[in-house]
Every structure is written in structure tokens, then in C-alpha cells.
There are 2 protein chains.
Amino acid sequence: MADKVTIADVARVAGVSRQTVSNVLNTPDVVREETRRRVLDVVGELGYRVNQAARQMRTGRSRLIAIRIDPDRDGINGSVLDRFLHGLTDSAARSGYRVLLYTADDDRTEIATFEDLLGAYEPDGFVLTGTHHQDPRASWLLGKGVPFVTFGRPWGEESEARHPWVDVDGAAGTAAATRHLLDAGHSRIGFLGWPTGSGVGDDRREGWARTLAEAGIDPSGLSRATSDAVADGEAAARDLIDSDPGVTALVCVSDSLAVGGLHAARSPGLAWRVDTRPDLPIAVIGFDDTPVAKAVGLTSLSQPLKEAAASCVSLLARALDGTQTSQAPVLLEPSLVVRQSA
Amino acid sequence: MADKVTIADVARVAGVSRQTVSNVLNTPDVVREETRRRVLDVVGELGYRVNQAARQMRTGRSRLIAIRIDPDRDGINGSVLDRFLHGLTDSAARSGYRVLLYTADDDRTEIATFEDLLGAYEPDGFVLTGTHHQDPRASWLLGKGVPFVTFGRPWGEESEARHPWVDVDGAAGTAAATRHLLDAGHSRIGFLGWPTGSGVGDDRREGWARTLAEAGIDPSGLSRATSDAVADGEAAARDLIDSDPGVTALVCVSDSLAVGGLHAARSPGLAWRVDTRPDLPIAVIGFDDTPVAKAVGLTSLSQPLKEAAASCVSLLARALDGTQTSQAPVLLEPSLVVRQSA
DNA sequence: ATGAAAGCGCTAACAA
DNA sequence: TTGTTAGCGCTTTCAT
């Protein structure tokens, strides 16, 4: 075990009282320059670190941020959380916080875990991901007065400004993707999305539809909705292309569906399209820029996860520090990573 | 904020002393049945939770396990850590531990983080991943007497039994993959690996070579080594197939290289091979069963990450509980997930 | 600018 | 079997 160095050891070696050491650490400006320097030297020499448990007992602050780690559902999008987590851990450390992990299968068990965690480890705040309509987790934390940030905007209507949030502008992303395809000469651009009702999915569809409409193209009939699996994406793409032979490009709500779309677009059954427009193979664009996209050469929209994580920490830290009433949300733009598929 | 319920509140409501409540929680068998029940009822009623910070000050135990989260290098294998982390968080929670995250760029900074963490949050133990030859992190922790488990065996020679470890038997995996290909009628089976020197890579190559030799096939000249990127895998596969036209299958050290191999195997330049053996397209098998494998239909070896994580927690918990001198390591077998590619 | 006292919530040791 | 005492390491009064 590491030999425990306490504030008393530092005080003794530096020839001051324990309180003075504490002051140097927490209220440096109240200590005389010379004393401060001497104390800091001893701190470095002895490798002294403030003991969190003791500090927490006094101050009630744990300097812990809790976040849930999901069981990777489909798996294909798991790497998004992975990269976000890394960014969060990194940013948190820079602000003097550590990240505590927990799991939960649904909102109910997650709220139960909130209680557990708050009672035992007392995290100073939470970062919520995967927000949805009527999210009971946000209401619960709001009710208890526990600070939190969501990565994902509050999709419910009016609750807009009740808590800080960070999100990536999905509509801006699909709009950029659609514009990219229009510029490349495509006109009948289809959309592979999720069923209406998920805020994220609807938002991404909206960006595509709006951009198409702005270009004078009616998006009606060019959209298909399905669950988020490769096979589903392939079927939906097939259906769309079969029903509208003019379709030469697909914008997709996720890389999973895009990979399915790519399969359909490259399948022998559709080879005749190469004859129709040999200069213009069916283009496909995905969302999230997962490792899969990179591996199969899929053009995709990349979320600025590092920045998003940094923004979450910054908003949370500010909420914890001051008595910040309400904070402006942060909306970041995804960027298009162009590869062979478009 | 949640209204803080302390042990004193429980004691008062239950009409006992604080110590009795503590006994009920920590040494139940020393308390009279009736008293215990009454106290537990009050605990449930009041929603009391033991405050970790206070307990930690007394016992010196934080019930925290620390693990590093990597910046996803290539990204394609990032999901392995992701799934392992989830399993670890889940298993830890079942044993009354929480997982604390940290980042580090290399061994040196990771060791510095050990000091930070041990001084401040005092995690009870560490889980080390990505172990390698002469790992200074293990030596450092060993030197300080800090409990830890590694996910990955100690690749250095003699240090075998100096700390508990869990690993997946890579050689057994590639052996199974090679056997699968032999059974399917392949004989000249190539291997796409990493440069010699990485324990993991050498181990996986060994399983392939051994199995081929056992089948009476000389593995010489059938192996290529390269860094872990899709493009490198493609080039290596092309080189191997060009130099040995008899090659009809590839076992790969990673999904990244396998995806590259798949590209090469399916490329037009190699179409002539279909004429030579039209019944036997070039088969490819990867390692790690990442989402990419699933997306592109790649047969791959799946690591039992949930079990591995559970074993890590179990070994660490045992090391923390008793005065277990040394513990038998855990070596788990990967399983072959068969898809279109083989 | 510095020091002394008190107490955060808990449990190990001891007393009853 | 249950209760009392003390103290883990720190910071927030308050006094010097």
C-alpha cells in the first residue's frame, strides 16, 4: 500500500498548522506568498494528495460524475458511446472530476440506481444519454434537485430550458449529406429512417426532407422507415429502389441501415441500374461514422463526440460551481466524412 | 437534494444504538433475529444507504475498481473494450463495487494516474487491459502492494504467478478456425497477422500454425505480418494470394485485417480463382467478432467478454476479501461465429 | 496571516 | 446481545 500522507504530515514538515495547509490548497490567496510556496514544496516532496473521502465528508462534494454504460444493443452504434465516454473521462479529469459507471436495463432501474448511488457514493452530477420523449429520469433528477446534463436534447415540448443539454444537430447533418448528393448530380435522393416517434430519427429525416424540398424536389414517397438492423435496411432500400426506379442515392439515419442500403445497392439484382446511369452508381450516406463505415468505405456523418463530452463536463461543472440559474444549451454540427460510397 | 438519512436516524426510529444498526449491516449474525428484522425494516422504510465516504474513512476500503478507457486507436476493435466495460460494471455492481474510469496515453502517465487515484479516491483495486512484455504498470502495482487483475496474461516469462489474470485463449481460437476451414475442404490456409513480438498476435498465429502442421500441411510461407489496418490487410492478402495461388482461405489475427482480406479475396483481379475452384471461394475468418464482422458477414472468433469481466471481478474481489495468497488464472475459449465469409 | 476546535457518518475496540 | 467511546482526514467556524 502507498504510505498515507496526510495534511498533518505536510503541516509538520512545513512547520505550519494543518489549517494553513488546507488554506494553501483551497484558498491560496489568503496565505502569504512565502508560506504558500514552502507548503507547496512540501506537498510535492511528500507526494501529498487530498483524500477525497475526508474532503467529501466535510464539503459534501464527491467530485464524481456518474454515467450509464449501455449493453450494446445492435452493437454497430456502440462505438459512439465508447468514444463519448473516453472524451468525458478526459474532460472530467481536466476539471478535477472522475467518472463513475453504472448500468441499468430501463428507466425504472436507472432511477433506482440513482437512489443507490446518491445514497452511497454521492456523485455530484449525472450525464444522461439516450434521452427520449417524457423521460422520467430527467423529471426524477429535477425533482430531487440533483444536477445533471443530458447528451441529447429534451425531446418533450415545453421542458426546453429546465436543464442544461448538449446535442448534435442531426437535421443539419442530413441536410449537409443531401446537399452533398445534390451537388454530385443526384436528384431523387431517398431516406432510410426509423419509425416516426423517436426524436433523433425524426430530426434527421427532417433535414433531408427540408433540403430536398428547397431544391424543388418533392420528398413524398422517397422515405422508408424500419428498425435499426442491417437486414432491415437492405429490405427497405430494395423496396424503395424497386418502387421508384429514379432513386440514385440514399441518406440513412444510421450506419446500420446504410450498410444494408449499400448491400442492396451493390446487389446483382440491381445491376441493370448501372446501364441506365453508368456514370452514377447508387450512392449511400450513413450516420455516426462508426468503425463499420470506415471498414466498408461508407460515407457517413461524424458526430463531434469529444467536443460534446467536453461541453457536458463544462455545463455540469458550471452548474456545480456557481449558482448558475439556467444555461444555454449546446448544439454541435456533425461533419461529413466522404468515402467511396458517395 | 435527497434528504440525508444517517445511521443515527435509523437507530433512533428503530429504538437501538447506532452501533447495533452498523452490526445489522456488517455483522448480521451477531444481532438478535428480532432486532435485526426491526432494523432492516426501518432501513427499507427510510431508504437508508451506507455512506461510502464515511465508511471508507473508517475501513480504508472505497469499494471502487479503477480501469482505463482507451482512446480507440483504429476504432475497429474499440467495441471489445466497450463490451468488456459493460460486463465489468455489471459484475462489479453485483459484488458491491463500482467502476471508476481514467485515461492515460502510455504506461508512464498511467502510473502517474495510479498515484493520483490512490492518493485521492483510494480505489481498492485496478483492472489492467492491454498487457504487454515487461509491463511496468504491473511491476509498479506489485511494488506498492496494490491489488489488481489483468485482462491479458503476463506475457513476460517467469512472472507467471505474481498476480491474478484472466485471458482468452487466442491460440485455441485460431486453431478452431483453422480446423473449421480444414473440415470445409480447404488445405492451403493462410494467416494474416501482426509483426512478431506482440504476445497476443504470436499466440494467435501459433494456434493456426500448429493446427495446419497437425494436418500435415507446412505453414511456411503461408503467413504475412502487418500493422492492424484494413488497407494493410488487403495488401498483405493480395501479396500472399499472388505468391501462392493455392491459397483458398485466410485466418486473421483481427477483424480489421480480415476485412482487408475480404476485400482482396472479392476483388475483380482475383476473379480467375473462381474458375480454378468455382466451388470454393476464398474464405476469410477474423478475430473479435466486432460489429464490423456482423455488418459485412465475416466469420469471426468471439471472445466471451462478459465471462472475462465477471472473472476479473471475482478474482479481484477474492484478493480484496481474504488473504488469498495466489490465485489460479482464468483462461477462456473464444467461440467461432460462422457467417457467409467461411 | 495563522492556529485551535469541532464535527461530517461511520465502524473497531471495548464496556456493560 | 447491545451501548459507549474514539477517531479516520478534512474544512468551516471562530479566535488569535
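For B:V24, B:V146, what's the fewest-to-most ordering of other Cβ within 10 Å of each Cβ?
B:V146, B:V24
If I take R0 = 22 Å and measure r between the Cβ atoms of B:L331 and B:D239 in this structure, what FRET efficiency does the formula 1/(1 + (r/R0)^6) give, to the nearest 0.05?
That pair, B:L331 with B:D239, gives E of 0.05.
Taking 0.36 nm per residue of separation and subtracting the Cα-Cα distance, what length does fully extending B:V30 through B:T109 add?
Contour length minus the Cα-Cα distance gives 23.8 nm.
Considering amide H positions built from the backbone, and no H for Pro or chain starts, which residues 5 or more places from A:L128, or on another chain, come under 5 Å of its amide H?
A:V149, A:T150, A:F151
Just to check I understand the Karplus step: with θ = phi - 60° and J = 6.51 cos²θ - 1.76 cosθ + 1.60, what whole-Hz values come out for the stretch B:37-44, glycine and proline as x?
4, 4, 5, 4, 4, 5, 4, x
Quick check on the exposure proxy: order A:R224, A:R94, B:R238 from fewest to most C-beta atoms within 10 angstrom.
By the 10 Å Cβ count, ascending: A:R94, B:R238, A:R224.
Pick out, from B:G173, B:V10, B:I241, the residue whose Cα sits farthest towards the positive end of the charge dipole of chain B, with +1 on the Cβ of Lys and Arg and -1 on the Cβ of Asp and Glu.
Projecting each Cα onto the dipole axis, the largest value belongs to B:V10.
In sequence order, what are the phi-derived ³J(HN,Hα) couplings for the stretch A:118-125 according to the Karplus relation 6.51 cos²θ - 1.76 cosθ + 1.60 with θ = phi - 60°, rounded to whole Hz, with x for glycine and proline?
Once rounded to whole Hz, the list reads 5, x, 9, 8, 6, x, 6, x.
Quick check for me: using +1 on Lys/Arg Cβ and -1 on Asp/Glu Cβ, what's the dipole size of the protein assembly as shown about its Cα centre, in debye to the nearest 20?
For this selection, approximately 1980 debye.
Ignoring everything except DSSP H segments at least 4 long, calculate the 222 nm mean residue ellipticity for chain A; use -39,500 (n - 2.57) per segment, divide by total residues, nearest 500.
Calculated from helices alone, the mean residue ellipticity at 222 nm is -14500 deg cm²/dmol.
Quick one: label points 7 angstrom along Cα→Cβ at A:R339, distances to the other copies in nm, smallest first?
Between copies, matching label points for A:R339 lie 1.4 nm apart.
Dipole magnitude of chain B about its Cα centre, charges +1 at Lys/Arg Cβ and -1 at Asp/Glu Cβ only, in debye to the nearest 20?
Here chain B has a charge dipole of around 1340 debye.
Find, to one decimal place in angstroms, the Kirkwood hydrodynamic radius of the stretch B:1-41, where the mean of 1/r is taken over every pair of different Cα atoms and then inverted.
Taking every pair of different Cα atoms in the stretch B:1-41, averaging 1/r and inverting gives 10.3 Å.
Would you pull out the residues with amide H under 5 Å of A:S254's amide H, same chain only if 5 or more places away, H placed 1.01 Å from N?
HN-HN under 5 Å from A:S254: A:F287.
Just for chain A, what percent of DSSP beta bridges are antiparallel, to the closest 5?
For chain A, the DSSP antiparallel bridge percentage is about 10.
Enumerate the amide H contacts of B:D167 below 5 Å, restricted to partners 5 or more residues apart or on another chain; note that Pro and chain-start residues carry no placed amide H.
Correct list: B:G152, B:V330, B:L331, B:L332.
Counting other beta carbons within 10 Å of each residue's own, what order do B:D255, B:D70 fall into, fewest first?
Sorted ascending by nearby Cβ count, the order is B:D70, B:D255.
Evaluate the charge dipole of the stretch B:170-302 about its Cα centre and quote only its size in Debye, nearest 20, assuming +1 on the Cβ of each Lys and Arg and -1 on the Cβ of each Asp and Glu.
200 debye
Run the Debye formula on the Cα coordinates of chain A, all scatterers equal and no solvent, and tell me log10 I(q)/I(0) at q = 0.06, 0.10, 0.12, 0.13 1/Å.
Calculated log10 I(q)/I(0) at the listed q: -0.31, -0.70, -0.88, -0.97.
Every number in this text was worked out from the coordinates using simple rules, so none of it is lab data. No experiment lies behind these values; they were computed from the predicted model shown. Note: ideal-geometry Cβ built from the backbone for every residue, glycine included; neighbour counts use all protein chains shown.
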